1. Tell me whether segment 2-11 contains one or more residues that are within 20 Å of Asp107 (Cβ to Cβ) and at pLDDT 95 or above.
2. From the set of residues in segment 19-47 that are in contact with an Asp or Glu (Cβ under 9 Å, 6 or more places away or on another chain) and within 21 Å of Ala71 (Cβ to Cβ), which is surrounded by the most Cβ atoms within 10 Å (Cβ to Cβ)?
3. Considering segment 161-171 alone, what residues qualify as being crowded, with 19+ Cβ neighbours inside 10 Å and under 21 Å from Gly127 (Cβ atoms)?
4. Working carefully through the options Pro121, Pro99, find the one that is crowded, with 17+ Cβ neighbours inside 10 Å and in contact with a Cys (Cβ under 9 Å, 6 or more places away or on another chain).
5. If you take just the helices (runs of 4 or more DSSP H) that sit entirely in segment 148-228, which of them hold at least 2 residues that are modelled with pLDDT of 95 or more and polar (S, T, N, Q)?
6. List pairs: first residue in segment 62-77 and on the phi > 0 side of the Ramachandran plot and surrounded by fewer than 17 Cβ atoms within 10 Å (Cβ to Cβ), second residue modelled with pLDDT of 95 or more and of a type outside the set (Lys, Arg) anywhere in the structure, Cβ distance under 8 angstrom, at least six positions apart or on different chains.
7. Could we say that Ala83 is in contact with a Ser or Thr (Cβ under 9 Å, 6 or more places away or on another chain) and crowded, with 24+ Cβ neighbours inside 10 Å here?
Amino acid sequence: MAAEQGSTTVDKDVADLIVAVLGGTGDQGRGLAHRLGNAGNPVIIGSRSEERAQTAAAELGGGGIRGMANADAAREADVVVVAVPWEGHRDLLASLTGPLAGKIVIDCVNPMGFDNRGAYPLPVPEGSAAQQAAAVLPDSRVVAAFHHVSAVVLLDPKIETVDLDVMVLGDDRQATDLVQALAARIPGVRGVYAGRLRNSGQVEALTCNLVSINRRYKAHAGLRVTDI
């Protein structure tokens with residue numbers, strides 16, 4: 001599968017795409033890096049600290065997983081996953097507009113707050129984290145995906161199949177098709193097109209409901225979409 005990427009083209013099968021995970025030293029980032037690496041994709045963990053990135057890559061077993069500073073990871077990759085804390089989201093992306101130009105950027109950040117009543121969605125001026133990414137990265141092709149994947153499940157070596165649909169949103173059909181195919185590289189996962197990027201806010205906010213479900217039922221719940 002080849003996909004256009006800005007003014008360039010990725011002439012690679014989805015299995016050969018180099019995937020960088022920015023914020024890859026956090027649980028969700030490490031989990032996605034682990035699963036995509038196990039599926040056979042070359043993976044780069046990105047971090048503000050190259051040393052921390054290399055340590056995280058080594059802890060995941062090395063092999064096809066490497067560690068680099070964020071800018072180098074973004075520059076090297078075909079596809080970039082943004083899995084950083086919400087607080088640093090805008091500043092990080094703004095610092096990487098050059099390396100991310102022409103790239104497919106998958107934003108999986110959930111702007112959430114917590115108080116004594118549980119998780120709640122934070123307001124985002126642009127409407128969502130993914131829309132903020134698109135505003136900050138006008139030369140990138142931003143797709144929203146991987147919001148509801150449990151880091152605990154991803155990192156558990158005893159779980160071979162992840163029972164989950166990944167909702168994929170974006171304004172570029174080739175980019176969303178590629179991200180759906182990339183999600184399906186993880187055994188048990190299906191990528192499901194779920195609308196334009198303007199609809200990503202409610203998908204990000206739905207994570208708060210899943211947090212509540214998980215706390216009540218002591219689970220690591222995901223989503224399945226029926227009848228498709």
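1. no
2. By that ranking, first place goes to Gly46.
3. Val166, Met167, Val168, Leu169, Gly170
4. Going through Pro121, Pro99 in turn, the sole match is Pro121.
5. Details: elements: 151-155, 173-183, 200-217.
Counting at least 2 such residues, we get 173-183, 200-217.
6. Listed by first residue and then by second, the contacts come to Gly63/Gly37.
7. The answer is no for Ala83.
The values are calculated or read from the model by the stated rules, or taken from the named source; none is laboratory data. Since the model is a prediction, treat every value here as computed from it, not as a measurement. Cβ atoms come from the backbone with ideal geometry, glycine included; neighbour counts cover every protein chain shown.
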